[in-house]
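Worksheet: one structure, shown below.
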Amino acid sequence: MTTQEHDASVYERVQQSSEFQELKRRFRAWTFPMTVAFLVWYLLYVVLSGWARDFMGIQVLGNINIGLILGLLQFVSTFLIALAYSRHAEKKLDPLADKLRHEVEEQTK
Amino acid sequence: MSSSTLSTILFLTFVAATLGITFWASRNTKTAADYYAGGRSFTGVQNGLAIGGDYMSAASFLGIAGMIALSGYDGFLYSIGFLVAWLVALLLVAELMRNSGKFTMADVLAFRMSPRPVRTAAGVSTIVVSIFYLLAQMVGAGALVGLLLGITSAEAKNWTIVAVGALMIVYVVFGGMKGTTWVQIVKAVLLMGGAALITVLVLAKYNFNLSALLGAATEASGKGAAFLEPGLKYGTEAQGLMGKIDLISLGLALVLGTAGLPHILIRFYTVPTAKDARKSVLWGIGIIGTFYLLTLVLGFGAAALVKIPATDTAGNTAAPQLAAAIGENFFGSVGGTVLLALIGAVAFATILAVVAGLTLASSSSFAHDLYAHVFKKGTATEREEVVVARVSALVIGAAAIGLGILAQGQNVAFLVALAFAVAASGNLPAILYSLFWKRFNTAGAVASIYGGLISCLILVVFSPVVSGSKTALIKGADFHIWNLSNPGIISIPLGFFFGWLGTVLSKEYNAAKYAEIEVRSLTGVGAEKATEH
């Protein structure tokens, strides 16, 4: 089983096409800012754990303090971002990617 | 029957079942795609479970529960980095790698660059990262048997390492990726089941009131409210500013390392399409996240209910002891014995599965990258390649046994953090640049991998981890230069910097190949298909 070899110029043509540029834009416009956002949110949590210990220790519900709540919120945000990405990919990326793939496969048959 | 006898019986049952799976898998492993990628025929859910199995090492199961039991909040902090890291893998790496690679991490890098230097660098880094990780697990296995089975003689510990190593070699040599993946799936189910059972019992004891559990843990810890606040383990006030910088450094390595770990990256090749790769990471995140939430209860439960012996400085016995205590609390002494045995067996299964995954990753990279493409310049047949992969699994396994015995009793826990740091500093920059940066080239890839790897090693050699502290690897010597235990905060930016520098210093650049990898990675054109049997 080998990789299908395609004429290289096909890829350059597809790369220049407006549809591929749109797919690339939709992918990057979602994932890049989101990556920055969750990394900043995570680092904020680590920095607060290092430098704002009194704040993290404020008790909110019984023995449950802000540090613990922020930590649990990291779990919640991770689950939500993962689900949101999956929905985004299914709705906005997959149809376009499938269409382009079929086109390239047709052209290079 | 004592719990160690029962534990041994349960563990042997696991071994018998997984060996059965391995021999079944070996009969279905014919091609290179079968051996390296399990025929790419696993479903998203199966691979998601296997991702959990590969990732939830004994270090995270016993280690994080133990860290929470001893240091409260700071243990929890550790597990969060391990989880958030999966978003990097999901958003930026998993699908694109599945679409553009074949068997190893180097496939993606070698796609548009001069293959030999890039494969050499990626192969070296894969083997170094996997062996660091492997060594930590092997030494951990020896220490665990002492704690769980009450064996203290060095000889018995050495035999445990030999037995674990021999089993892992059998799984990998005969079962390849197919056998190893099923071992991971079985282990993940057992681990989740065991952890969930104990969690429910602990919560039941406190009437499902988390605050009451935390209160009991705080009181028993003797450390007061500080037990639930940051700073008992990482960046303690006594360590001053450097300690806090070290905390950030560790956090960075944890969150950026996962998506550069070779044994995790090759998991994305075991499914038929990029959509399945996405689905498997989603399942992986669900499983791993749930598991870390369970360890939170296990850790605080252990803090509240058991007394960890002073000799167990890492708290590795916290979870097994908790199992015994909570079992006894609900079901009498028989219950305690059974639960302790169960958790002991699960812990061994965990070690075994993780070392198998690591051995597979390093032997695959040796055979596919170094042997087939560097030494043989791509002239090796698929058959030869698989034979070499099997032989190198045997050699790497034997080396891991030898090193594991030599390192017995050493404090090698830092090797896991080091493996994450190397993965984040060398591998991740090279992967991200090659997927997203048009101008990236051979010099850049080689510079980022070696630059990240070497800067990590230098930073660690001259850190208190190796010399000049009470827990140092080399006792009685002091050549440490800085007080930074985790190299990430310096080595990760350096890895990205070297990748950029190498790129701009070289004129090489292949526009046509970049067009190809960009189109292929986003659309899945020409992606490797699943094999049929």
Specify the angular offset, from 0 to 90 degrees and rounded to the nearest 10, of the alpha carbon long axis of helix B:382-406 from the longest principal axis of the alpha carbons in chain B. 40
Can you spot the lysines whose alpha carbon is less than 18 Å from B:Lys507's alpha carbon? Ignore those fewer than 8 places along the same chain. B:Lys438
Partner aspartates and glutamates whose C-alpha sits under 17 Å from that of B:Lys30, ignoring same-chain residues fewer than 8 away, are B:Glu382, B:Glu384, B:Glu385, B:Glu528, B:Glu532
How do A:59-67, B:96-104 rank on mean C-beta neighbours within 10 Å, highest first? B:96-104, A:59-67
What relative contact order, as a whole-number percentage, does chain B give when Cα pairs under 8 Å and 6 or more residues apart are counted? 29
Equivalent ellipsoid semi-axes for chain A, as square roots of 5 times the alpha carbon gyration tensor eigenvalues: give them largest first, rounded to whole Å. 46, 13, 12
C-alpha center-to-center spacing [the stretch B:330-392, the stretch B:130-175] in angstrom: 12
Could you list B:Arg27, B:Arg439 in order of exposure, starting from the residue whose Cβ has the fewest other Cβ atoms within 10 Å? B:Arg27, B:Arg439
Residues B:Phe496, B:Phe436, sorted so that the one with the fewest Cβ neighbours within 10 Å comes first: B:Phe436, B:Phe496
If one computes the Cα centroid of the stretch B:232-262 and of the stretch A:65-109, what distance in Å separates the two points? 28
How do B:Phe420, B:Phe76 line up, fewest other C-beta atoms within 10 Å first? B:Phe76, B:Phe420
About the Cα centre of chain B, what is the dipole size in debye to 20, counting +1 per Lys and Arg Cβ and -1 per Asp and Glu Cβ, all else neutral? 980
Greater than 18 Å apart at Cα, pairs in A:Lys24/A:Lys91; A:Lys92/B:Lys102; A:Lys24/A:Lys92: A:Lys92/B:Lys102
Going by Cα centres, the stretch B:196-224 and the stretch A:46-60 are how many Å apart? 22
Principal-axis tilt of helix B:442-461 within chain B, Cα atoms, nearest 10 degrees: 30
Could you work out the relative contact order of the stretch A:16-107, using alpha carbon pairs under 8 angstrom and six or more residues apart, expressed as a whole percent? 34
Rounded to the nearest 500, the 222 nm mean residue ellipticity computed for chain B from DSSP H runs (n ≥ 4, each -39500 (n - 2.57)) alone is -24000 deg cm²/dmol
Report the FRET efficiency, 1/(1 + (r/R0)^6), for A:Gln21 and A:Phe55, where r is their Cβ-Cβ distance and R0 is 45 Å, rounded to 0.05. 0.50
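None of the figures in this text is laboratory data; all of them are computed from the coordinates on show. The structure displayed is predicted, hence computed values, not measured ones. Cβ atoms come from the backbone with ideal geometry, glycine included; neighbour counts cover every protein chain shown.
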